[in-house]
Amino acid sequence: MKAQSSSHDEQYFRGDNRLLIIAQTDQPQPDPLADWQQQEKNRSYRDYSLIKLQSVKYFQKAADWEFLYTTDNGHRQHAVKRNFLTSPQQAYSINWYTTPEDWGDAQQDLKVIYDGFKPLS
């Protein structure tokens, strides 16, 4: 995957029909699960279907939000968004999108991303 675009706090990577977005903030919410639960209530995804929304063990505190939705172009997507704290003043999200058909094959790549992630100092 190579960077396709970025903003000041997000990096976008596309490759093999997959999208990875890594976002960073210096003003994190103290509870990643509560943050995702609030965002899930206000979601605007078309044909949204929640798979799971739960805490996970990753860095200091983390939560995964996994779901299915349909893009504006009519393509079904399977997504997982991991929100996590690396310090009280720094948090990240790793957002992974694939087609439902590619989800299983894409899990090995996602594991490499999770295992290899290093926060900015």
Complete set of residues in the stretch 44-92 that are closer than 19 Å to Gln11 by Cβ and either modelled with pLDDT under 95 or charged (D, E, K, R) (or both)
Lys81, Arg82
Filtered residues of the stretch 78-121 (kept if more than 13 Å from the chain's Cα centre (by Cα) and part of a strand (DSSP E or B)):
Leu85, Thr86, Ser87, Gln90
Testing Arg46 on (1) more than 23 Å from Pro119 (Cβ to Cβ); (2) in contact (Cβ under 8 Å) with a residue 40 or more places away in the chain; (3) of a type in the set (Lys, Arg), one condition comes back false. Which one is that?
(2)
Report yes if Gln29 is surrounded by 15 or more Cβ atoms within 10 Å (Cβ to Cβ) and either out of contact with any Leu (no Cβ under 9 Å at 6 or more places or on another chain) or in a loop (DSSP other than H, G, I, E, B) (or both), otherwise no.
yes
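The values are calculated or read from the model by the stated rules, or taken from the named source; none is laboratory data. Given the structure is predicted, the values throughout are model-derived calculations rather than measurements. Note: ideal-geometry Cβ built from the backbone for every residue, glycine included; neighbour counts use all protein chains shown.
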